[in-house]
Amino acid sequence: MSESLKLLLVDDHEIVREGLRTLLEQEEGIEVVGEAEDGDQAVRLAEKLRPEVVLMDVLMPGVGGVEATRRMAALAHPPRVLMLTSSAEDGAIRESMAAGALGYLMKDVSRSDLVRAIRDAARGRPTLDAEAQKVLLRRPEPSPLEDLTPREVSVLELLAEGRSNRQIGNRLGLTEGTVKGYVSTLLDKLHVQDRTQAALLAVKLLKKK
């Protein structure tokens, strides 16, 4: 690591970047080498400036923080990414960590904790906000698809395409009556009232597979 820790600030709000720069440049050994207002610009600057740490917002127009973090991980000289955000949503936290972020902090973090997290990130040490820790320790809600057999999933996929029982039967080599039985079972397992609700739920669930 160089004598001064090189830091890149990424946030779509200029006033936030200005505040962070003012605060962090008062800290000995930290040099803010650049600012970016979106993820696409952040990746370009990270490749050009080679910061050791990137302080990254999650929610930004265009390329967001999660995708930018994922792209930075593929650079020849990947920086350590520390998320600094107002979003405590389960998905944002999990996706950020899966993308390669080393830490996740809320924007109400104290100055001393932020500086400590930046220095730790440069050393490869993770820092997680208390809420982020709770989310990561909490087991994700199981998908209803986990309770379905492979055959039931096949029927559900065709149901999501708007196929009739006869069409599903023709595709899977089943009688129309057998398909009707599968559909009835699916309605029970998915806790929906009719095939239309099942199809709508299926589209949502199958996208997450």
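For this structure, a couple of remarks:
- Reported count of residues in the range 57-106, each being in a loop (DSSP other than H, G, I, E, B) and either under 11 Å from the mean Cα position of the chain (by Cα) or within 19 Å of residue 136 (Cβ to Cβ) (or both), is 11.
- Cβ-Cβ contacts under 7 Å between residues 6 or more apart (or on different chains), taken from a first residue in the range 118-135 that is within 16 Å of residue 100 (Cα to Cα) to a second residue that is of a type in the set (S, T, N, Q), are listed as 120/127; 121/127.
- Pairs with Cβ under 8 Å, 6+ apart, first in the range 167-183 and over 10 Å from residue 155 (Cβ atoms) and in the same structural domain as residue 153 (by TED's automatic domain parsing), second part of a helix (DSSP H, G or I) and aliphatic (A, V, I, L, M): 167/158
Rundown of residues vs (1) of a type in the set (Gly, Ala, Ser); (2) under 20 Å from residue 87 (Cα atoms), yes/no style:
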{"residue": "12", "(1), (2)": "no, yes"}
{"residue": "31", "(1), (2)": "no, no"}
{"residue": "44", "(1), (2)": "no, no"}
{"residue": "70", "(1), (2)": "no, yes"}
{"residue": "74", "(1), (2)": "yes, no"}
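- The one condition from (1) in contact with a Leu (Cβ under 7 Å, 6 or more places away or on another chain); (2) among the hydrophobic types (A, V, I, L, M, F, W, C); (3) in the same structural domain as residue 74 (by TED's automatic domain parsing) that residue 202 does not meet is (3).
- Members of the range 17-60 that are under 16 Å from residue 110 (Cα atoms), of a type outside the set (D, E, K, R) and either loosely packed, with under 15 Cβ neighbours inside 10 Å or free of Cβ contacts under 8 Å to residues at least 12 places away in the same chain (or both): 19, 22, 23, 26
- Criterion applied to 128, 75, 114 was being touching a Gly at 6+ places or on another chain (Cβ under 9 Å) and not hydroxyl-bearing (Ser, Thr, Tyr), and the one residue passing it is 128.
- Filter result for the condition that a residue is on the phi < 0 side of the Ramachandran plot and surrounded by 12 or more Cβ atoms within 10 Å (Cβ to Cβ), over 105, 137: 105
- Residues that are closer than 15 Å to residue 86 by Cβ and not in a loop (DSSP other than H, G, I, E, B) within the range 107-129 comprise just one, 114.
The values are calculated or read from the model by the stated rules, or taken from the named source; none is laboratory data. From a predicted model like this one, the values you see are computed outputs, not experimental measurements. Using ideal geometry, Cβ is built from the backbone for each residue, glycine included, and neighbour counts are taken over all protein chains shown.
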